[in-house]
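Have a look at the structure below before the remarks.
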Amino acid sequence: MKKTFLITGGTGFIGSNISNMLLNEGYKVVVFDNNQRGKVRRLSKNIKFIRGDIRSKKNLSTAFRNIDAVIHLAYVNGTKFFYSKPELVLDVATKGLINVFDLCIKNKIKELYLASSSEVYQMPDQIPTDENVTLKIPDIKNPRYSYAGGKILTELY
């Protein structure tokens, strides 16, 4: 029997493509998303969709039933939010990640995949950028880097 994957942020562009690919490979897929920027119609009808906020552990825990692995993609993205809602960007990134970690531990899930953005590298000398390049935020008071801040937190865990 193949694994069951939970994909947080799974109705977004990347998440929906990963979800559909895994389903096509024979895996069971559960998607958890608030669907604020994603679209449920991107998902195959054979994918279980649970609507919810990644910051609510109680809400998220319903998606963790009978799961073997988690792909965590639930973040606020988009340049306009760096400036208009930097607190929200960090709140979703940090609380969401802590909830995912806690529920993986509670449910003994040993496979957790995290995605990152190139924002954590800023202006790298080489593209594609090796993962050993130092993660950095040049100005912690500039809302532009709030997304990178959340991603750096993710990478450090």
Original post:
Could you give the length gained on full extension between residue 36 and residue 85, defined as 0.36 nm per residue of separation minus the Cα-Cα distance, in nm?
Top reply: 16.2 nm
Original post:
Once you put a point 7 Å from the Cα of residue 141 and another 7 Å from the Cα of residue 127, both along the Cβ direction, what distance in nm separates them?
Top reply: 3.0
**OP:** Compare the peptides 3-11, 92-100, 37-45, 22-30 by average per-residue count of other Cβ atoms within 10 angstrom and give them in order, highest first.
**Re:** 3-11, 92-100, 22-30, 37-45
Original post:
So how tilted is helix 146-156 from the main axis of the chain? Cα-based, degrees 0 to 90, rounded to 10.
Top reply: 70
Original post:
Using a probe of 1.4 angstrom, how much of the accessible area of region 22-79 is carbon and sulfur, in percent?
Top reply: 40
Original post:
What pairs from 57/95; 45/108; 2/48 go past 19 Å between their alpha carbons?
Top reply: 45/108
Original post:
What angle do you read, to the nearest 10 degrees and between 0 and 90, between the alpha-carbon axis of helix 13-24 and the longest principal axis of the chain?
Top reply: 30
Original post:
With the contact rule set at Cα under 8 Å and sequence spacing of 6 or more, what percent relative contact order holds for the chain?
Top reply: 22
Original post:
Quick one: helix 86-106 against the long Cα principal axis of the chain, what's the angle to the nearest 10°, folded into 0 to 90?
Top reply: 40
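The values are calculated or read from the model by the stated rules, or taken from the named source; none is laboratory data. The model shown is predicted, which means the values in this text are computed figures rather than measured ones. Glycine also receives a Cβ, built like all others from the backbone with ideal geometry; neighbour counts cover every protein chain displayed. Quick note on the areas: whole protein, heavy atoms, side chains included, nothing else; ligands and nucleic acids left out. Shrake-Rupley method; radii C 1.70, N 1.55, O 1.52, S 1.80 Å.
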